[in-house]
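Structure first, then comments.
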Amino acid sequence: MIKKFFLALTLIAAVGAGVAYWGYQQLLALPQQPLELSEDSVLKVERGTSAYQLAQTLEQRGWIEDARWLRGLFKLRPELTGLKAGEYRVMAQDTLMDLLQRINRGEAIQYRFTLIEGNTIPQMLARLRQDEILVKELNANSAQELAAELELDFPSAEGLFLAETYQFETGMSDRELLLRAHRMLLDTLDKHWQARDTKLPLKSPYEALTLASIVEKETGLSSERPDIAGVFIRRLNKKMRLQTDPTVIYGMGDRYTGNLTRKNLREKTEFNTYVIKGLPPTPISTVGEEAIEAALNPAEGTALFFVAKGDGSHQFSDTLEAHNRAVREYQLKRRKDYRSTPEAN
């Protein structure tokens, strides 16, 4: 009896060892098993998701057969439990390890939002509200309201966000994106301000930003930015009014309907540079780095005037007489295909 008992124990131990070994081998092989999905998909890992919850989710979606095996793998390889929140692409040919490594490395789907050169704050806010991914937190409708809501150290938020394409992951808010764009603007402005020609008639980085916004609005051809900046710098040096239409339009706000009249040019607003001396009180649009660089590194020359030629470029003139001739040629007799921006290639 005793021999039979010990033989039974031996057999049980052997079977148990065999089962344990088989289970161990199954766990080792599990990461290389293909996920059970027939087409590409997306997996959203919420902030704070545990390894146990992830295993349950994969089982519920039918991508693995049994969550218990994955939980066993996590115990065997705890380094795979460092899950990072985000949305992850899951390809039909992925193995379980492909997905787990992607989540552990934080290789989440990157979305993009572009702040466009020349846009005003209301235009930018409208585009932010249309974005389907960004979390909406902002309530502002104007540059002044936005400056207050973001707690910026400026009375107006106009021009305070660098025009650039920003990558972000799911879960980011419009507030976070704009604060990132604001930091980028300040860093970019400071970089070019430190490298500026100190003889420029600009008293502060904010004045440089204001000039850059005017250059941005006046430029259709990017190569002309330094030339246009040069005209404005020379006019500032000579105490001449800048006389630039975009400042008139900005000062009119919602009253502008697409056509400027002589009455509009004579109307006194704090932005109308046909009436006020020097720069307007704030920038008038979002700017890119090229406009900032141009404002602080203007092209040398003698031109004091420019007029749009109708193909996206400008005619530059040294004298009022030459400028008036250019106005008659390019504005009073506008070409049929007149446009303010260059033709796309």
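The values are calculated or read from the model by the stated rules, or taken from the named source; none is laboratory data. Computed from a predicted model, the values in this text were never measured in an experiment. Please note: Cβ atoms are built from the backbone with ideal geometry, for glycine as well, and neighbour counts cover all protein chains shown.
Residues that are hydroxyl-bearing (S, T, Y) and assigned to a loop (DSSP other than H, G, I, E, B) were ranked within region 145-186; the one that is nearest to A291 (Cα to Cα) is S156. Condition (residue is among the small types (G, A, S) and touching a helix residue (DSSP H, G or I) at 6+ places or on another chain (Cβ under 9 Å)) applied to region 107-119: is it met by at least one residue? The answer is yes, given that some residue of region 107-119 is among the small types (G, A, S) and touching a helix residue (DSSP H, G or I) at 6+ places or on another chain (Cβ under 9 Å). Is it the case that some residue within region 84-104 is surrounded by 14 or more Cβ atoms within 10 Å (Cβ to Cβ), out of contact with any Cys (no Cβ under 6 Å at 6 or more places or on another chain), under 21 Å from E216 (Cβ atoms) and at pLDDT below 95? Checked against the condition, which is being surrounded by 14 or more Cβ atoms within 10 Å (Cβ to Cβ), out of contact with any Cys (no Cβ under 6 Å at 6 or more places or on another chain), under 21 Å from E216 (Cβ atoms) and at pLDDT below 95, region 84-104 yields no hits at all.
Look through A308, A291 and report the one residue that is under 13 Å from R225 (Cβ atoms) and aliphatic (A, V, I, L, M).
From the options A308, A291, the qualifying one is A291.
Taking the criterion of being in contact (Cβ under 8 Å) with a residue 24 or more places away in the chain, assigned to a loop (DSSP other than H, G, I, E, B) and of a type in the set (S, T, Y), the only residue of region 107-144 that qualifies is T120. Restricting the first member to region 61-87 and to residues that are closer than 20 Å to E107 by Cβ, and the second to residues that are assigned to a helix (DSSP H, G or I) and among the charged types (D, E, K, R), the beta-carbon pairs closer than 8 Å and six or more apart or on different chains are L70/E59; K84/R105.
Where helices (runs of 4 or more DSSP H) sit wholly within region 230-325, those with at least 1 residues that are at pLDDT 95 or above, touching a helix residue (DSSP H, G or I) at 6+ places or on another chain (Cβ under 9 Å) and crowded, with 20+ Cβ neighbours inside 10 Å occupy 245-252, 289-296.
Looking for something closer than 30 Å to L178 by Cβ and either assigned to a loop (DSSP other than H, G, I, E, B) or modelled with pLDDT under 90 (or both) - is there at least one such residue anywhere in region 53-66? Quick ask: steps written out before the conclusion?
Looking only at region 53-66, we keep the residues that are closer than 30 Å to L178 by Cβ, and these are none.
No, region 53-66 has no match at all.
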